[in-house]
Amino acid sequence: QMYIAAEAFRYKVTGDADARANAKQGFEAMLRLEEITGIPGFHARSFIRIGEDIQPKDGEWHDTPDGKWRWKGDTSTDEIVGHYFGYAVYYDLVADEAEKEKIRGVVTRMTDHILNNNYQLIDVDGKRTRWGWWGPEEIWADPDETGLRALHILSHLRVALHITGSPPHEQAYNQLISKHPYHPPPPNHKI
């Protein structure tokens, strides 16, 4: 997603057709990361072609039903941060109307997956991924993660709202900052 953003910025500044082509190729790969899992809104960490690419020895890998591809699961919040960033930058700087429609669809599915699963990423096995959580019940369990995870989900919801205009995404954002301390005032803040 950093590469896509870099090429999108280059395209916006220079108008270079190669920069747009590079950003578009990366964008299509990002879309494939969701499509390959067969789970709407859930992105793989990576994928390989079975029999052609070298099989990495680490991670949780799943074969596609056609037996041609293998994708890496146990997606973390870090990957999701990258997707929201990459989709937003591509949407704002590069996408034509047909691509914007694709982005609205994938961002809606991704955000709905998180919201419909109690602020969690649910993998193919029906269980939460190791790091895929932002929920109000869990966010305070590890103080080292609290601020970062709060920032993640609030920014994800703002990106989703920017791209989709979906009232449920806005409602989720407002609920997190009004009913849960996701956006507390800084220490010693005077109103």
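Per-structure values
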| quantity | calculated |
| --- | --- |
| Members of the stretch 50-65 that are within 16 Å of GLU34 (Cα to Cα), open to solvent by less than 60 Å² (accessible area, probe 1.4 Å) and in contact with a strand residue (DSSP E or B) (Cβ under 6 Å, 6 or more places away or on another chain) | TRP61, HIS62 |
| Residue within the stretch 89-97 that is under 13 Å from the mean Cα position of the chain (by Cα) and under 27 Å from TRP133 (Cβ atoms) present | yes |
| Those residues of the stretch 50-77 which are within 16 Å of LEU121 (Cα to Cα) and of a type in the set (S, T, N, Q), in sequence order | THR75, SER76, THR77 |
| Elements of type helices (runs of 4 or more DSSP H) contained in the stretch 97-191, each with 2 or more residues being crowded, with 18+ Cβ neighbours inside 10 Å and among the polar types (S, T, N, Q) | 97-116 |
| The stretch 1-44, residues that are crowded, with 18+ Cβ neighbours inside 10 Å, touching a helix residue (DSSP H, G or I) at 6+ places or on another chain (Cβ under 6 Å) and in a loop (DSSP other than H, G, I, E, B) | GLN1, GLY41, PHE42, HIS43, ALA44 |
| Filter result (among the polar types (S, T, N, Q) and under 20 Å from THR111 (Cβ atoms)) within the stretch 11-57 | THR37 |
| Residues of the stretch 73-96 that turn out to be open to solvent by less than 20 Å² (accessible area, probe 1.4 Å), more than 19 Å from THR14 (Cβ to Cβ) and aromatic (Phe, Trp, Tyr), as a count | 2 |
| Any chance PHE47 is in a strand (DSSP E or B) and either hydroxyl-bearing (Ser, Thr, Tyr) or open to solvent by 10 Å² or more (accessible area, probe 1.4 Å) (or both) | yes |
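The values are calculated or read from the model by the stated rules, or taken from the named source; none is laboratory data. Since this is a predicted model, take the numbers as computed values, not measurements. Backbone-built Cβ (ideal geometry, glycine too); neighbour counts: all protein chains shown. Accessible surface is based on the protein model in full, side chains and every heavy atom, while ligands, DNA and RNA are left aside. Shrake-Rupley method; radii C 1.70, N 1.55, O 1.52, S 1.80 Å.
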